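The values are calculated or read from the model by the stated rules, or taken from the named source; none is laboratory data. This structure is a prediction, so every number in the text was calculated from the model and none was measured. Cβ sites come from the backbone with ideal geometry, for glycine too, and all protein chains shown count toward neighbours. Ligands, DNA and RNA are stripped out before the accessible areas are found, and what is left, the full protein with its side chains, is counted by its heavy atoms. Shrake-Rupley method; radii C 1.70, N 1.55, O 1.52, S 1.80 Å.
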Amino acid sequence: MTKPASQAKQTEAKVAAIAQARSIAPEVPVRIGSTPATKFRGNPAIFGRLVEDHDKHRALLAMIDATSPNDPARKTLFEEFVRDVHGHAAAEEQALWSTVMRNPETTEFARHAVGDHHKLDKLMADAAARDITAPGWLTHFAALKEEYLEHILEEETEQFVEAEKTLSEQDQRYMQKVFNRRKKAEKAAATIEKKIALKPIA
């Protein structure tokens, strides 16, 4: 079991993740606010690396919310969010959940996380298919934002906690290396699907 990072390390990790998002559109304010407490933030293994991405995504979501309909930064930020989340989710499934799913004690946690990824794919495609310059676009985006924030909260406070119990520190460090390699490839290959959801996404 990994030890929680020091408060300074946790703050440093969060600041670095937000800076990654800010670099996409430096003129857009980042009002991320407080983030849920997690012992994994700042840890030098798979769970700390995943939380780093989560914090970047929290910042991107806040920045998108801060844009106006005709601000070109909205499209830039949204496309970065979608590509980064696609790369993140695919790499997470390959590096972490594929292994965790094989353990009967944690199969259900892994299945739930992967199921959430599919739901998020549909919400991202729905938001991408709509006119991003329309005044009402943020209403559709709000459903995606809420679902994503709920998903990463569950991962950080429940699914990662359970998965960690079955993994050695060596496993976790190896998984981080796999994640970093796969994330780069998966993000580069990611496409932005556009498909309006005709029925509520359950």
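For the range 53-83, which positions are outside any helix (DSSP H, G or I) and not acidic (Asp, Glu)? Talk me through it step by step, then tell me what you get.
As a first pass, look at the range 53-83 and keep what is outside any helix (DSSP H, G or I): 66-71.
Hits for the range 53-83 are ALA66, THR67, SER68, PRO69, ASN70.
Scanning the range 173-186 for residues that are among the basic types (Lys, Arg) and open to solvent by less than 50 Å² (accessible area, probe 1.4 Å) returns a single hit, LYS183. Selection of the range 144-172 for residues being over 15 Å from GLU108 (Cα atoms), hydrophobic (A, V, I, L, M, F, W, C) and either buried (at least 20 other Cβ atoms within 10 Å of the Cβ) or modelled with pLDDT under 95 (or both) yields LEU144, ILE152, LEU167. Residue check: GLY48 meets all listed conditions (1) within 17 Å of the chain's Cα centre (by Cα); (2) open to solvent by 20 Å² or more (accessible area, probe 1.4 Å) but one, namely (2). Kindly indicate the residue of the range 1-40 that is assigned to a helix (DSSP H, G or I), among the hydrophobic types (A, V, I, L, M, F, W, C) and out of contact with any Leu (no Cβ under 6 Å at 6 or more places or on another chain) and also least open to solvent (accessible area, probe 1.4 Å) among those meeting that condition. Restricting to residues being assigned to a helix (DSSP H, G or I), among the hydrophobic types (A, V, I, L, M, F, W, C) and out of contact with any Leu (no Cβ under 6 Å at 6 or more places or on another chain), the top hit is ALA17. Just one of the listed residues (LYS145, LYS75, LYS119) is of a type in the set (Lys, Arg) and farther than 30 Å from PRO26 by Cβ, namely LYS119. The listed residues are THR139, THR106, THR133, and the only one of them that is farther than 25 Å from ALA189 by Cα and open to solvent by less than 20 Å² (accessible area, probe 1.4 Å) turns out to be THR106.
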